[in-house]
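Chemist: I'd like to ask some things about the structure below.
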Amino acid sequence: MKEGWALVLDLLIALSGALLLGLFFERIRLNAIIGYLLAGAIVGPGGFALVSQNDQVLVIAEIGVALLLFTIGLEFSWKSVKKLGAPVLLCGVAMILAIIGVAIPVAIGFGLAWQTGFVLGAACALSSTAIVIRVLRAKNDLDSRHGKTTLGVLLVQDIAVVPLVLAVTFMGSGSKNVLADISWALASAVLLVLGLIVFVSQVVPRLLHEKIVAKNRELPIILAIVTCVGATWAAHELKISPALGAFFAGMLLAESKFSHQMRADVLPLRTLFVTLFFVSVGLLADVTWMAQNIVLVLGMTLAVIAIKVVVTYLALRFFIKGIIEVLAAAIALGQIGEFSFVIMSIGKDAALLPENIFQLLISTTLLTLFVAPFTTGNALRISRQMAKRIFPARKLARNEREIKQTTLRDHLLIIGYGEAGQATCLALRALPNPRIVVDLDPRLVRLAEEHGHRGYIGDATSHEILEAVNIHDAEAVLVTISDHHLARLVVAQCKSVAPDTPLVVRARYHIYADELGTVGANDVVDEEMLVGERMGQLVAALQAVHQSDEPETSDPSIDWQKTTPYN
């Protein structure tokens, strides 16, 4: 019992430190994740040693990562994974193999064993799913070209955790049947997926009956948590990545019509556990050792980021067109990820990583995670600046033209898919131009896709989202949002990004029509004026009908009063 209360105290200290430093870093306009990592380093054994139950906190943190990947899986059905395409999946594999291939000879060159080089390469090849996904989502970059590429590579890396962990484990144990053991682990993963498929396709529809859910909407939340934790536990028992099991569970539940609500309801729990995860990563740091070897740590950090970006770019470029987009994806993947700590710990326990190399790798990983929110959030901007300095202008322009030939052109961009947006698309059905819908509500985007349009979940006030839907080559942009202040921001951003693209905007009230025109709208549809004109037309039509039916009536207003439904 005392140990349980000690764990509660540790959690309180860890979360309090994360809260204080998270608020501080947000106040100075840096990502709160940096504060979480730093909080762990300060309160951990390498700092002031305020937290004692490291192992139990790490277990809770692992559940947090599982919840994170579960919610990510809820956003990606099997259909969306197929849309990523074979090139993205293949370049993810190529990137992992290339980094391991670089690390082994480097390790040998420094007098280390090739097994140590393999562990170093395997750890450095993995990027931070938790940070990258969080930053891309905050920047509305998940649907951009470099965002989709980054996401596909991260998915491959998460899947690759299983064979990499097994390979490192068997290297340390001296097993000669590595291939057979890895095959068994992959078979276990297939068994887990098949079990989840049966559960989601056969059991879930019977449990989540619409009438039952209407009476108690807590049931989908409980089902989501049970499925997530159950898949996590099953994956752990099968000796595969628990987080990967949670991801598969989320992907399968994504086909359910309750997936969006599940994701929204699980969000508070995910936030709690993921915060603990980043704090737990900081707990591994030895601040004293880092301070004593700061020059070595900084040099290693710069070398890892540079080598990883270059190798990742070359691997991606072999499969994917687009210099700027591929370079942006490589920059976004330039850090060492959270699952790398699992590989490092196994390598240390198996005597494949000496203590000084282990601390150097831990310190380097923390520094790369510190800079990851900045590099990932500004990946596209950084890649543009780098591309201008590295590649000839003619080659860059030719590559951009090739990319544009495969992207959207002459499409109609509808921002907002409420009632007005749906009516707009219906009125445009006779036109041959493809219709692209942008909305923050996933349900409306899904509805748009069901109606035959291409949908993007995103904030249209974001420059990156407008670039992702290729606003420059759109035939016209139609803003159907009812919120005047949001519509004004969207109009201003659209005109800033693509000043030559025609822009038609809905004005909910007459008093806002002139303001929307002032900020850049080419045409403003005044809703109140339209209502007045239409009502006048209906009155005139009704009077004309009654005058034709009773020509002897000298006062047509008498007939109109008789036909008024309010009398």
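Chemist: Could you work out how much longer the chain between Val8 and Ile108 gets when fully extended? Use 0.36 nm per residue separation minus the Cα distance between them, nm to one decimal.
Modeler: On the way: separation 100, 0.36 × 100 = 36.00 nm, distance 4.53 nm.
This chain segment gains 31.5 nm when fully extended.
Chemist: Say the cut-off is 27 Å between C-alpha atoms; which of Lys148/Lys239; Lys139/Lys321; Lys321/Lys388 go over it? It would help to have the intermediate numbers written out before the result.
Modeler: Details: Lys148/Lys239 30 Å; Lys139/Lys321 23 Å; Lys321/Lys388 17 Å.
Table pairs above 27 Å Cα-Cα are Lys148/Lys239.
Chemist: Could you compute the FRET efficiency for Ala427 and Val198, with r as their C-beta to C-beta distance and R0 at 56 Å, rounded to 0.05?
Modeler: Values: r = 45 Å, r/R0 = 0.80.
The pair Ala427/Val198 has a calculated efficiency of 0.80.
Chemist: Also, quick follow-up: Quick check: pseudo-label points 7 Å beyond the Cα along Cα→Cβ at Glu218 and Asn378, how many nm apart are they?
Modeler: Label at Glu218, label at Asn378, 4.7 nm between them.
Chemist: Suppose each label sits 7 Å from its Cα in the direction of the beta carbon; what would the Val226-Leu20 distance come out to in nanometres?
Modeler: Each label point is offset 7 Å from its Cα along the Cβ direction, giving 4.2 nm.
Chemist: For region 412-529, just the Cα set please: Rg and Dmax, both in angstrom.
Modeler: Answer for region 412-529, Rg first and Dmax second: 12.9, 36 Å.
Chemist: Right, next: Could you list which residues have their amide H under 5 Å from that of Gly455, counting only those 5 or more apart in sequence or on another chain, with H placed in the peptide plane?
Modeler: Val437
Chemist: If R₀ is 25 angstrom, what is the calculated FRET efficiency for the pair Leu302 and Asp349, using the beta carbon separation as r and rounding to 0.05? Kindly include the intermediate steps, with their values, before the conclusion.
Modeler: On the way: r = 29 Å, r/R0 = 1.15.
So, using R0 = 25 Å, E works out to roughly 0.30.
Chemist: Which cross-chain or sequence-distant (5 or more) residues have an amide H under 5 Å from the amide H of Val525, H modelled 1.01 Å from N in plane?
Modeler: The list, which skips near neighbours in sequence, is Val505, Arg506, Ala507.
Where a number appears in this text, it was derived from the coordinates with a stated rule and is not lab data. Because the structure is predicted, anything quoted here is derived from the model rather than measured. Glycine gets a Cβ as well: all are built from the backbone with ideal geometry, and neighbour counts include every protein chain shown.
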